[in-house]
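The values are calculated or read from the model by the stated rules, or taken from the named source; none is laboratory data. These numbers come from a predicted model, not from an experiment. Quick reminder, even Gly has a Cβ in these numbers, built from the backbone with ideal geometry, and neighbours come from all protein chains shown. What goes into the accessible areas is simple: the full protein's heavy atoms, side chains included, and nothing from ligands, DNA or RNA. Shrake-Rupley method; radii C 1.70, N 1.55, O 1.52, S 1.80 Å.
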Amino acid sequence: MLISKAPDLTYSRAYINGPCLTHPKARRQLVENDSRQFYIYPTKMLTSRALIRGLQSSLWRSVCSTSALQGSHSKVVDVIDCSVPQYNNRLDTPLPDRPFVKHDQLSAEQKKLKEKEKASWKSLSKEEQLALYRMTFELTYPEMRKGSDEWKTVLGGVFFFMGFTGLLVWWQRVYVFGDVPHTLSDEWVEKQTQRMIDMRINPVNGFASQWDYEKKQWK
Amino acid sequence: MFRSAVRLTCSGVRSLTRTRPQFTAPLAARGYSHGKQETDEEFDARWVTYFNKPDIDAWELRKGMNTLIGYDLVPEPKILEAALRACRRLNDLASAIRILEAVKDKSGPHKEIYPYLIQELRPTLDELGIATPEELGIDKV
């Protein structure tokens, strides 16, 4: 049940997503969170408090977007407000939706430089031009293209764990597995092979066809 | 504009290295089988007009550049000049430098396109006082 306060069944409040008002099984409960109010059906699985708690405790806080429940704990994680334009480093989007350093986050120096930008650009030194570039863009094109050495770490990790698994398998072979069946011993296999030859197993194209019965040897 | 139709035949490669960059251009940005195909000149003129709008706003500049970079071509110098002047009207030097970076990246393996563009844009760059990425040292990591 999704409850953060006592259920309020007054239907006079406006609701955001219109659930079926006339369904006999519909029980609406009002859950308050700061300035927003949601009507949420008390479905068993999807919104159970235990499930949300489980997700939160296993570091999946960003998945728990039900803000109604997040209101109950005070820690705030890094949330990206997707309702405002985002900055991005993309080769196919040279001019992203907003500058990297937002206008209201510029330092005094940077603001002065922005003013100077309104005059002729010839008055800007190379360092100033570079500073203006870096204010607006996080990464240059070569930096975007650079890539990393992460693949070496990944491959190293893969081999390491494969090696570790190999050790486990070897230990298991030595300490866990019992003896091999006696029917695989050389003596038994000899007798078995002789029997198969005598029985003429697959004499046309198979086993016995490889035995030369005159010379009493393999062909 | 340079529609970089990469021909791997001998004649194609030879023409790239010997002469000044001339790329055969398949006509029209849109693959309609019907209707009038837009010529390269019409395409260029349309984009130059777009960036030459006197009261172009920042969004239109961004939209125009992002769209232009999305096409399978390297824009002509005259389009880029119009875009750089639009940056000047918007007092946005960083975007001007970014545009130069973007067209260099857009040329891909055809290393001779970018120097040609800079050569053609040199008067504009000098007039507006825009430093190229090479002059700023950001062409290397």
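Here are some notes:
- Protein accessible surface hidden between B and A, which excludes ligands and nucleic acids, total in Å², probe 1.4 Å: 2600
- Residue pairs, from the table A:LYS75/A:LYS152; A:LYS102/B:LYS63; A:LYS114/B:LYS111, whose Cα atoms sit over 30 Å apart: A:LYS75/A:LYS152; A:LYS114/B:LYS111
- Among B:LYS53, B:LYS63, the sequence by solvent-accessible area, most first, with a 1.4 Å probe is B:LYS63, B:LYS53.
- Cβ-derived FRET efficiency at R0 45 Å, A:THR165 paired with A:LYS126, nearest 0.05: 0.25
- For B:SER33, solvent-accessible area (1.4 Å; no DNA, RNA or ligand), Å²: 130
- Listed by chain and number, the lysines placed with their C-alpha closer than 25 angstrom to that of A:LYS216 are A:LYS191; residues fewer than eight positions away on the same chain are left out.
- Surface accessible to a 1.4 Å probe, A:VAL169 within the full protein complex, Å²: 80
- Interface residues, the stretch A:84-117 - accessible area loss of 50 Å² or more versus chain alone, probe 1.4 Å: A:PRO94, A:LEU95, A:GLU117
- Burial here means at least 10 square angstrom less accessible surface with every protein chain in place than with the chain by itself, probed at 1.4 Å; in the stretch B:110-141 the buried residues are B:ASP126, B:GLU127, B:LEU128, B:GLY129, B:ALA131, B:GLU135, B:LEU136, B:ILE138, B:ASP139, B:VAL141.
- Projected onto its three principal axes, the C-alpha set of the stretch A:103-145 covers 33, 26, 13 Å, listed from the longest axis down.
- Listed cross-link partners A:LYS126/B:LYS140; A:LYS126/B:LYS78; B:LYS36/B:LYS106; A:LYS118/B:LYS106; B:LYS78/B:LYS104 are compared with a 18 Å cut-off, the Cα-Cα value being larger for A:LYS126/B:LYS78; B:LYS36/B:LYS106; A:LYS118/B:LYS106.
- Within the full protein context, the accessible area of B:ASP44 is estimated at about 10 Å² for a probe radius of 1.4 Å.
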